[in-house]
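Notes for the one structure printed next.
The values are calculated or read from the model by the stated rules, or taken from the named source; none is laboratory data. Predicted model, so just to flag it, every value in this text is computed and none were measured. When we count neighbours, we look across all protein chains shown, and the Cβ atoms used for this are built from the backbone with ideal geometry, even at glycine.
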Amino acid sequence: MTYNPNRYKENAFSEIAQAEAEIAQCMADFVCCVLDELKHDNRRCVEEKIELFRCLILASAVKEKAIAAVINALANNTTANKGVCDFPEAYMEEE
């Protein structure tokens, strides 16, 4: 059996993309769960709930930006490995 670095590289990219998708789903589930708990929390005032919600959304936005950077890096690497598009006119708008 010979070692094929491209085979493992492609699997790694796929696994990284899948892991990032799972992280995004976990974040969405977490945000929904926390929002539901805040909705039914009678111990905190509205101002505290708003501040908690703001912090949660800010943290989610930061993580989403990090996920986007990873996906962008994967896309750039894939594009670099495939070379320049042979049919650029296929992606241009008709005049």
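Among the residues of the stretch 14-46, what is the count of those that are surrounded by 11 or more Cβ atoms within 10 Å (Cβ to Cβ), of a type outside the set (A, V, I, L, M, F, W, C) and within 15 Å of the chain's Cα centre (by Cα)?
Selection size over the stretch 14-46: 2.
Please verify whether Lys82 is surrounded by 10 or more Cβ atoms within 10 Å (Cβ to Cβ), within 25 Å of the chain's Cα centre (by Cα) and at pLDDT below 85, treating the condition exactly as stated.
Answer is no for this residue.
Name the single residue that is surrounded by the most Cβ atoms within 10 Å (Cβ to Cβ) among those in the stretch 47-79 being more than 27 Å from Phe13 (Cβ to Cβ) and of a type outside the set (A, V, I, L, M, F, W, C).
Lys49
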